[in-house]
1. Among the residues of region 47-64, write down those that are crowded, with 22+ Cβ neighbours inside 10 Å and over 14 Å from the mean Cα position of the chain (by Cα).
2. Any chance you could count how many residues in region 117-176 are touching a Phe, Trp or Tyr at 6+ places or on another chain (Cβ under 7 Å) and among the acidic types (Asp, Glu)?
3. Which one is farthest from residue 176 (Cα to Cα), of the residues in region 54-68 that are touching a Ser or Thr at 6+ places or on another chain (Cβ under 8 Å) and assigned to a loop (DSSP other than H, G, I, E, B)?
4. Kindly evaluate residue 153 against the criterion of being more than 20 Å from the chain's Cα centre (by Cα), touching a residue at least 24 places away in the same chain (Cβ under 8 Å) and not in a loop (DSSP other than H, G, I, E, B).
5. Within region 161-182, can one find any residue that is aliphatic (A, V, I, L, M), open to solvent by less than 40 Å² (accessible area, probe 1.4 Å) and more than 22 Å from residue 63 (Cα to Cα)?
6. Give me a count of the residues in region 63-97 that are touching a His at 6+ places or on another chain (Cβ under 7 Å) and under 14 Å from residue 166 (Cβ atoms).
7. When the residues of region 83-108 are filtered to those that are over 17 Å from residue 212 (Cα atoms) and of a type in the set (A, V, I, L, M, F, W, C), which remaining residue is most open to solvent (accessible area, probe 1.4 Å)?
8. Go through region 109-132 and report how many residues are closer than 17 Å to residue 75 by Cα, open to solvent by 10 Å² or more (accessible area, probe 1.4 Å) and part of a strand (DSSP E or B).
Amino acid sequence: MRKNLFSVIITMGVVLSVLFLNSDLSPAQTSYAAEETDGGITVDSEYIIPDSCGFSTYYVVVATNNTGKDISVEADFVAKDNDGNSLYKVNDQHEAVRDGQQFIIYGQFANSRIEGASDYDYSFEVSPTDRCAYNSVKVDAERSGDAVTVNATNYSDKDVQGVGVRTVFLKDGEAVAFDTVNIADEGVTFHGGSSNSQEVGMFAGNYDDYLLTYTSVQ
C-alpha cells in the first residue's frame, strides 16, 4: 500500500569501503546515479568530503524536490562500523525547499567520533510548508581568486531569513571540499530590497568546478 507522501521517512543505506581511522585523510568521495525515493525526493549524488583541517568529515547529499509541493526537510545521518553498530548520529534540516528545486543536505561528523566507520545511513522526513522564499531572492556566484563570491538580492518588500548557500567543490568531477554560508544583513534577517554578498571556499584548495545550491525562508 502506498505510504502517505509527507509522513514517509525515506531511509537509504550506503556501504562504503572508506575507513576513517585518523585525521590524515585523502579526499575520498562516492557519487551515485540519480534515484527517486518513494517520497518524491530524487537523490542526485552523494559525497564523502574530509574538511581541510582533518577534524571532521562531511557526508553530503545533493537532491531534488520532486514531490510536487514546497517542503521542509529533516535528515538524520548515522555512521556505523563493520558490524552495523551505530557510532554517531548527526542531523540537518531545511525549513523550506521549493518544488523542483535542487538542494544540498549534509551530516558533519567529528573524526574522533567515527573511527572505524565503514557504513553510513541517512533518512529524510519531509512535510509541506508555505514558508519558501526561494522566488523572492536572486543569487549569482563567480570565482574570485581561490574563493567564490556569492551575491544575493531580496527583490521582495518583506524580510526573509537570509539565503542559505551550500557548495561542493570539484576537481576532475570528484568532490574535494565543502562549504556553507548564510547571506543576511543582520543575524539571520535579510531585509526586503537589500543586496549582500559572502565568500565560500576560501580553504577549498585546488578545484576546477563547483556545485552551489541555496534556500530561503519567510
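The values are calculated or read from the model by the stated rules, or taken from the named source; none is laboratory data. Being a predicted model, the structure only gives us computed values, none of them experimental. Glycine gets a Cβ as well: all are built from the backbone with ideal geometry, and neighbour counts include every protein chain shown. Areas reflect the complete protein model, heavy atoms only, side chains present, ligands, DNA and RNA absent. Shrake-Rupley method; radii C 1.70, N 1.55, O 1.52, S 1.80 Å.
1. Matches in region 47-64: 50 only.
2. Total satisfying the criteria: 1.
3. If we take residues in region 54-68 being touching a Ser or Thr at 6+ places or on another chain (Cβ under 8 Å) and assigned to a loop (DSSP other than H, G, I, E, B), then 66 is farthest from residue 176 (Cα to Cα).
4. Working: more than 20 Å from the chain's Cα centre (by Cα): yes; touching a residue at least 24 places away in the same chain (Cβ under 8 Å): yes; not in a loop (DSSP other than H, G, I, E, B): yes.
Against the criterion (more than 20 Å from the chain's Cα centre (by Cα), touching a residue at least 24 places away in the same chain (Cβ under 8 Å) and not in a loop (DSSP other than H, G, I, E, B)), residue 153 qualifies.
5. Step one: filter region 161-182 for residues aliphatic (A, V, I, L, M), giving 163, 165, 168, 170, 175-177, 181.
Add one more test, that the residue is open to solvent by less than 40 Å² (accessible area, probe 1.4 Å), and what stays is 163, 165, 168, 170, 175-177, 181.
Those left that are additionally more than 22 Å from residue 63 (Cα to Cα): none.
Within region 161-182 (the criterion being aliphatic (A, V, I, L, M), open to solvent by less than 40 Å² (accessible area, probe 1.4 Å) and more than 22 Å from residue 63 (Cα to Cα)), the answer is no, since none of the residues qualifies.
6. Within region 63-97, the subset touching a His at 6+ places or on another chain (Cβ under 7 Å) is 72-73.
Pick out the ones that are also under 14 Å from residue 166 (Cβ atoms) and you get 73.
Residues that pass the stated criteria total 1.
7. Selected residue: 87.
8. Filtering region 109-132 for residues closer than 17 Å to residue 75 by Cα gives 109, 119-129.
This time we only want the ones that are open to solvent by 10 Å² or more (accessible area, probe 1.4 Å), so: 119, 121, 123, 125, 127-129.
Imposing the further condition that a residue be part of a strand (DSSP E or B) reduces the set to 119, 121, 123, 125, 127-128.
Total satisfying the criteria: 6.
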